[in-house]
Structure formats: structure tokens, C-alpha cells
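Data block below; observations after.
No lab work stands behind these numbers, since they all come straight from the coordinates. The model shown is predicted, which means the values in this text are computed figures rather than measured ones. Here the Cβ positions follow ideal geometry from the backbone for every residue, glycine too, while neighbour counts run over all protein chains shown.
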Amino acid sequence: MSTRHIARTLALQTLFELDMKGELSATQEEIDIITIRNRDEYGEGVKDMTFTKSILSNVLSRRITLDDIITRAAPDWPLDKIGMVDRNILRIGLSELLFGDRAQVPPKVAIDEAIELAKSFGGETSGRFVNGVLGAIYKEMGEPEKAQITKSKKEHFDSAKKELLAGAVVCSHHENKLFVGLVHDVFGYWTLPKGKIEEGENEQQGAEREIKEEIGIQITIKEKLGENEYIANKPEKGKVVKHVSYFLAYADYSPLTLEHKENKGGLDNAEWFDAKDVPGLRMYDDIKPLINKAIEIAKAKNTKV
């Protein structure tokens with residue numbers, strides 16, 4: 001058994017005990033006491049507790065966010081109806097999937113390790129349940145499927161329902177700097193504002209309306225940047241192909257307001273970023289080329305609205 005698997009096991013034991021006692025908001029001292037006791041009983045000589053403590057810190061500090069994502073990914077299973085073991089395995093797996101160091105724990109490893117925990121400590125169907133929930137979230141994140149369509153996945157695109165969306169890289173020139181407006185999702189990524197094109201709208205009209213609704217600013221579209229497609233899993237619809245058209249747009253530099261957060265499909269923030277700082281943000285791979293292209297055009301033209 002690998003050291004990291006043991007570390008995850010210890011984290012699960014500690015979370016289970018805290019959850020059972022209703023003490024998930026316990027002090028760090030109380031958490032450490034339980035963790036050390038579990039190490040002495042189940043740790044098989046583990047000395048370095050860094051990884052276990054990192055998992056616990058990630059899960060407990062982000063528990064509300066993690067639980068919200070789990071609830072939306074498994075709408076037929078209210079959180080309090082999910083078994084305590086499965087619930088905490090999902091928290092561990094999801095925290096590694098979304099907030100872990102991918103160089104150390106790739107997404108597939110995070111999912112596989114959670115499944116192994118479920119098989120070892122959960123019920124007969126726990127492995128399939130954990131796999132289903134984390135797998136759906138992974139696909140919704142679009143890694144790696146979101147960035148490219150392989151031949152093996154072409155049949156999914158051919159048979160799935162299609163939704164047309166439009167979005168934009170929103171730029172603004174302010175105090176001799178170029179800024180880019182981005183939205184932040186509950187998966188921990190900065191991404192582009194976008195939304196579904198409504199009946200009777202063309203792509204540009206859809207982008208203008210959606211961005212006004214989503215972040216509260218009026219945009220002027222300059223040119224089309226490109227398109228992409230990815231598969232999303234919706235519990236009520238199954239697999240859905242989302243086809244997104246992206247534009248370069250300009251706006252006045254005014255505060256971005258994420259309106260009605262509870263209705264924004266998993267977004268929790270919107271901000272302007274200095275263009276030079278954008279490459280350092282955590283973003284989906286498929287939108288990076290679009291943003292880079294938009295920044296290059298905007299800098300070259302230095303266009304203002």
C-alpha cells in the first residue's frame with residue numbers, strides 16, 4: 001500500500017470521526033489530536049503527516065464549496081442522504097480534483113484513489129457511486145476532453161444534444177493599461193463569460209445579452225475569435241454538446257457585478273485583470289489561445305470604445 005494511499009485513509013478516518021460527531025468546524029488543535037490518534041492506530045509507521053494534513057486542510061477550509069458542487073453533481077442524492085463514508089470520500093476526491101497540485105496528483109489519479117477508498121471502506125455500490133459523481137464533475141470541467149475531440153469520442157458528439165452558446169473576451173483600456181474581464185467558477189478556474197443563445201438571436205446578440213446579464217456591463221463586439229465544443233453531463237438531459245462562439249469585445253472600465261450568484265450556474269466572482277497578469281491565472285486550456293489572441297489584437301490596435 002502506497003504512503004499516499006495511507007495518508008488518504010488517515011484523512012478519511014479523521015473526517016469520518018469529525019462528521020459523525022458533528023464537529024467538522026473543530027479547532028485545528030482538536031483536528032490534530034484526532035489525526036495523530038488515527039495515525040498511531042492505522043498509520044502503519046507513517047511519520048510524515050504533511051500530505052494527510054494538506055488533504056484535511058483543503059477539505060475543511062473549502063467544505064461549503066465542495067458540498068455545493070457534490071449536491072449539484074448528484075441532484076438525486078441530498079448530501080445528508082449520502083452515506084457518511086461516501087460523503088467524505090467525495091470531499092477528499094473532489095478537493096484533490098479541483099484544488100490539488102496536478103503535478104503531484106493528476107485528475108485521473110485523484111478519481112481512482114477516491115474509488116479505491118470507496119471500495120475499501122464504503123458499501124457494495126460505493127465505488128460506482130463515487131466514480132459516477134467525480135466522473136461527471138471531471139467531464140464538466142472538460143479535462144482533457146474539453147480541449148479536443150478525438151475520433152474515439154466523435155460518436156458522443158454525433159449522438160448528443162447540442163446547445164449553442166456565445167461568449168467574449170472582454171477588454172478595456174484604462175490608465176494606459178489593457179484589462180481583461182473574467183469570471184470565476186466554483187471549480188477554481190477563471191474563465192470567459194458566456195451563455196446560451198436564445199431563439200431569434202444571432203451569435204453576437206446572444207453574447208451581448210448574456211454578458212450584460214452575467215457581469216453587468218455593456219459590450220461592443222469587434223470580431224470573432226473562434227469556436228470550441230465540449231461535452232457536459234447534465235443529470236436531466238444526459239450528455240450535451242456545448243458549441244461556443246467567442247468574440248473580442250470592448251467595454252468601459254466599470255465594476256463587474258456577478259448578478260444573482262445563486263442563478264449563475266456555478267460562478268462565484270467576476271474581476272478585471274491587468275493583461276500581463278492573465279497568463280498566471282488558473283484557466284481551462286481551451287480558452288487560453290482565445291484570450292492570448294484577443295490580447296494581441298487589443299494591444300496592436302489599442303482600440304478604445
How high is the relative contact order of the chain? Use alpha-carbon pairs under 8 Å, at least six apart in sequence, and give a whole percent. 16
Can you put Ile211, Ile297 in order of Cβ neighbours within 10 angstrom, beginning with the fewest? Ile297, Ile211
Please list, by residue number, everything in segment 1-17 whose backbone N is under 17 Å from a paramagnetic label point 7 Å out along Cα→Cβ of Lys47. 3-4, 7
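Per the Kirkwood treatment, what hydrodynamic radius in Å, one decimal, follows for segment 1-119 from the mean inverse distance over all distinct Cα pairs? Walk me through the numbers before you get to the answer.
Working: mean 1/r = 0.0696 Å⁻¹.
One over the average 1/r among Cα pairs gives 14.4 Å for segment 1-119.
At a 10 Å Cβ-Cβ cut-off, how would you order Met49, Met20, fewest neighbours first? Don't skip to the end; give the middle numbers.
Values: Met49 17, Met20 11.
Starting with the residue having the fewest Cβ neighbours, the order is Met20, Met49.
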Going through Lys242/Lys288; Lys21/Lys139; Lys212/Lys242 one by one, the pairs whose alpha carbons sit over 24 Å apart turn out to be Lys21/Lys139
Binned at 10 Å from 0, what are the whole-percent values of the Cα-Cα distance distribution for the chain, short to long? 6, 25, 29, 21, 14, 5, 0
Length gained, Ile36-His174, 0.36 nm per residue minus C-alpha separation, equals 44.4 nm
In nm, to one decimal, how far is the Phe273 label point from the Arg128 one, both placed 7 Å along Cα→Cβ? 4.1
Of the listed links Lys53/Lys108; Lys81/Lys161; Lys108/Lys224; Lys196/Lys224, those spanning more than 23 angstrom between alpha carbons are Lys81/Lys161; Lys108/Lys224
Those GluC sites (Glu not before Pro) from segment 33-140 that are DSSP loop and have at most 11 other Cβ neighbours within 10 Å turn out to be Glu44, Glu124
Per-residue ³J(HN,Hα) for segment 170-185, Karplus 6.51 cos²θ - 1.76 cosθ + 1.60, θ = phi - 60°, Hz, x for Gly and Pro: 8, 10, 8, 9, 8, 6, 6, 10, 9, 10, 10, x, 10, 10, 10, 9
Could you work out how much longer the chain between Glu201 and Thr220 gets when fully extended? Use 0.36 nm per residue separation minus the Cα distance between them, nm to one decimal. 5.2 nm
